Amino acid sequence: MERALLVTIEVDSEKEGWKLEDMALELEELTATCGAEAVDNITCLRDRPTPNLFIGKGKAEELALACQELGVDTVIFSHDLSGTQQRNLEEVIGKKTIDRTQLILDIFARHAKTPEGKMQVELAQLQYLFPRLVGKGIILSRLGGGIGTRGPGEQKLEVDRRRIRKRIDNLKENLKQVSLHRATMRKRRKGIATPIVALVGYTNAGKSTLLNALTNAGQVVADSLFTTLDPLSKNLKLPNGENIVILDTVGFLHDLPHHLIEAFKATLEEVVEADLLINVLDVSNPLAHKFNSSVFEVLKELGVESKPMITVLNKIDLLTDQSWLAKQGEDFINPVAISASLRQNLDKLLEKIEATFESRMAYLELLIPHARMDLIDLFYRQGKVEEIKYLQKGIKIRVMLPKIISASILKDKEIEKIS
């Protein structure tokens, strides 16, 4: 197992609002997700970063000594480093040095399973590395392997700006085709008036667990960061008979690098096009309010912060103080408290989803000719049949249908509307 020394830095000039210990804990979680062992987490405060090392020369020499004493393979910084800072730190410390973005990219490379996901990860990695290809450069195929070397590094790419730029252009074009395919699928769904609901939220909030609970999707879940990278959509029939499409998306993170959001635009377009956002929040975590703020930062960057939203206060079974819900639950937009793992209060969540789309449904009582059994099948698939009677003169049925379908049905001259 790769042994990592973590360096968590609080920069006064940034005033992020996150405490040093919170940033240190998140860095440890990211490192563990990469399969590395954090042998120590050194914290330090700085007024502002230095241009050559980010930290002071004395602190860098202290890290070099700690690496020798602890048998460290890799040093991981909590902040992004410039190419110059990274090279200088490696010279002083004598060990591979990476930053938080490289750590996140390594997790993405581990979890990307589909061709689309792998393309998005590679694009993000190359966009990160491209401006750093100066001077000695960062060799993409570093010897020794480990964190920060997955993805393009495994392909032994030459450090050549022209080739990398061409590869970036090719990946963007391929992802553009993916976007066009998704747009076609969305257009098809809109043609049958199927609402789209997107699950968003901080990583490890329980989005995949909720998708499994609602749809039996069989999505892989784990108590780790960024378990889901590739999007997954499933059909869900609400209790009132309406069909919706529910989407699981990549988790968000505090101070998520802008170029990562750009690289994953093909996936996040589903969030942009959704009719309803379900913001899944782990309320058992003391940082729940800060996680919520981080989610909204990403939503604002996507321009969707004003979309209709339900805030799912998840993992209530892990709350040590249940009074928290009464005191602070109303701080969130349209909240509903659930436990996705125990399937607790899912009926309340479904009621809220129904309420969002209730104006799209219409109640009909009709008389259908016996020869039109195709319509009976349609009603069961696209709506909720409340009563059906087979009479001599036809089939009497009471049904709840999407308005776009009911309007089409009423134009059929064979159909008699009773009320």
**Prompt:** If you line up the long axis of helix 83-93 against the longest principal axis of the chain, both from Cα atoms, how many degrees apart are they, to the nearest 10?
**Reply:** 50
**Item:** Computed lengthening from residue 326 to residue 165, 0.36 nm per intervening residue step minus Cα-Cα distance
**Value:** 52.6 nm
**Prompt:** Roughly speaking, what is the stretch gain from residue 261 to residue 42, that is 0.36 nm per residue apart minus the C-alpha to C-alpha distance, in nm to one decimal?
**Reply:** 75.9 nm
**Message:** Test of understanding: express the Cα radius of gyration of region 194-358 as a ratio to 2.2 N^0.38 Å, with N the residue count.
**Reply:** 0.95
**Asked** Add -39500 (n - 2.57) for each DSSP H run of 4 or more in the chain, then divide by its residues: what number comes out at 222 nm, to the nearest 500 deg cm²/dmol?
**Response** -13000 deg cm²/dmol
**Asked** Using +1 on the beta carbon of Lys and Arg, -1 on that of Asp and Glu, and nothing else charged, what's the dipole of the chain about the Cα centre, debye to 20?
**Response** 2020
**Item:** Set 389/411; 96/176; 187/396; 95/290; 172/300 screened for pairs whose C-alpha atoms are more than 28 Å apart
**Value:** 96/176; 187/396; 95/290
**Asked** Is the shape of region 1-136 best called rounded, prolate or oblate, per the rule: a/c under 1.5 gives rounded, else a/b larger than b/c gives prolate, else oblate, with a ≥ b ≥ c the square roots of the Cα gyration tensor eigenvalues?
**Response** rounded
**Prompt:** About the Cα centre of region 288-410, what is the dipole size in debye to 20, counting +1 per Lys and Arg Cβ and -1 per Asp and Glu Cβ, all else neutral?
**Reply:** 480
**Asked** Extension gain residue 19-residue 360, at 0.36 nm per residue separation less the Cα-Cα distance, in nm?
**Response** 118.2 nm
**Request:** Can you check how the C-alpha radius of gyration of the chain compares to 2.2 N^0.38 Å, as a plain ratio?
**Result:** 1.19
**Prompt:** Residue farthest toward the positive end of the dipole of region 194-358, with Cβ of Lys/Arg at +1 and Asp/Glu at -1: which of 286, 322, 276?
**Reply:** 322
**Request:** Can you figure out the FRET efficiency of residue 414 with residue 344, using R₀ = 41 Å and their beta-carbon distance, to the nearest 0.05?
**Result:** 0.30
**Prompt:** Each label point is 7 Å from the Cα along the Cα-to-Cβ direction; what then is the distance between the points at residue 378 and residue 393, in nm?
**Reply:** 2.3
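Where a number appears in this text, it was derived from the coordinates with a stated rule and is not lab data. For clarity, every value in this text was computed on a predicted model and none was experimentally measured. Neighbour counts run over all protein chains shown; Cβ positions are idealised from the backbone, glycine included.
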